[in-house]
């Protein structure tokens, strides 16, 4: 991969986190969180664009993904991911002005922190996975939700497969290429699939990545240290929030965005990226960057609601 970013090693105390970085060190901090099956390298196009605009973009490899260390506590609940992002923000000195961008599982983390009254981030941008509560069926969306779920269950076959013991982590490396093709049919760069595989080099790493799905599907409880964060993992965002979704997303049906649009305030309408699949930050980085920069330009007009802005995590 050309135009190599900086490589950072950040000791969060509870976790040693590796990250890629673009842009000047003194720029406004933008933390970008990847999902599955993915890695920090998927932010390389967007990172260069935003970095060229003076922003300091930092994309970590999230817990369980090499070269970030495997967490000693073995917790992969959304609350733990939220805790890591807040701790990274604090370690990099961005608290109060930083921006959080999440894609896929990174969106779960971003959505949860956007709902938390003490998020250290001033603005939250989520891609390809809406806030859970935002797509919960209501009286005026129940019929649409039912139609969409019938299709989504077929699209989400892998989630059910990942609930099996032992087998999925032993074969998931063979499935990753198929998921990329299904989710973003027009995406042809094999570098991203290779990077995703490189971030899951051992059986332990693959089991960690699947643990994200297992923790959510089995509705287990996180460790006490992550409980406060996790309590907001399914809540609606508050304050500065932007949602982006591809019109050809093969992982989560774009129709769910219609339900989300009815749940968000009028000035928070979701943005559809025409012709893009699931990995919109790779497929159309210039378009995505344009929406992000436009959104951030309005920070002073729409400040985060008052609340305890003390540290979290």
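Here, each number is a calculation from the coordinates, and none is a lab measurement. These figures come from a predicted structure and were not determined experimentally. Don't worry about glycine lacking a Cβ; one is built from the backbone with ideal geometry, like all the others, and counts go over all protein chains shown.
Observations on the model:
- Residues residue 293 and residue 171, FRET efficiency given R0 of 41 Å [Cβ-Cβ distance, rounded to 0.05]: 0.50
- With contacts taken as Cα pairs under 8 Å and at least 6 residues apart, the stretch 10-69 reaches a relative contact order of 46 percent.
- Looking at the chain, the DSSP beta bridges with both ends there are about 35 percent antiparallel.
- As a size descriptor, the averaged projected area of the C-alpha convex hull of the stretch 219-260 was calculated at 4.6 nm².
- Dividing the alpha-carbon radius of gyration of the stretch 6-297 by the rule-of-thumb value 2.2 N^0.38 Å gives 0.92.
- Highest mean first, the peptides 159-171, 201-213 sorted by other C-beta atoms within 10 Å per residue fall in the order 201-213, 159-171.
- Mean Cβ count within 10 Å, highest first, over the residues of peptides 230-236, 106-112: 106-112, 230-236
- Highest mean first, the peptides 26-37, 4-15 sorted by other C-beta atoms within 10 Å per residue fall in the order 26-37, 4-15.
- Compactness of the stretch 192-286 was expressed as the Cα radius of gyration divided by 2.2 N^0.38 Å, which yields 1.35.
- Using a cutoff of 8 angstrom between alpha carbon atoms and counting only pairs six or more residues apart, the relative contact order for the stretch 158-271 works out to 26 percent.
- Relative contact order [Cα under 8 Å, 6+ residues apart], the chain, whole percent: 24
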